[in-house]
Amino acid sequence: MRGVDSLQRLSLLLALTGLTTVYVSSAVLGPETASVGEISEGDLGSTVRVTGTVRDLGNGEDAVFFRLEEESGDIAAVYFGNEPGIEEGKTYTFDGRVEIYRGELELVVENVVSTGSTLS
């Protein structure tokens, strides 16, 4: 029975080590950083981190809609849920999933990573 007990302990240790490695890797690596102009249909379903300036901000019943722009281009974006304090003309970094809505690429914001400055 000692051999079985040792094997169970070793298995548990290896499982915990593996789970810890996966968790740390996902926290450190995070989503791929991309410029708005680099986002394409090849990114559909993936999560990206983008930085840009909020334009054309509008509130829906359960969502905030806006365009995220930077020098390489712009993309439609939506944030579902309570408004995270997004303001027109400010620069933000977002993590979001690339989707298509009404034939256009769209960033479905999952997280507001940082807020930036107001453009003059």
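Label Ser6 and Ser72 with points 7 Å out from Cα along Cα→Cβ: what is the distance between them in nm?
Calculated label separation equals 5.5 nm.
Which residue, Leu13, Leu68, Leu57, has the most motion in a Gaussian network model of the chain that connects Cα atoms within less than 10 Å?
Among Leu13, Leu68, Leu57, the largest GNM mean-square fluctuation belongs to Leu13.
Would you list Phe94, Phe80 from fewest to most Cβ contacts within 10 Å?
Ranked by crowding around the Cβ, least crowded first: Phe80, Phe94.
Over every pair of different alpha-carbon atoms in the chain, take the mean of 1/r and invert it; report that Kirkwood radius in Å.
This gives a value of 16.4 Å.
Here, each number is a calculation from the coordinates, and none is a lab measurement. Predicted, not measured: the structure shown is a model, and the values here were computed from it. No Cβ is skipped: glycine too gets one built from the backbone with ideal geometry, and neighbour counts run over all protein chains shown.
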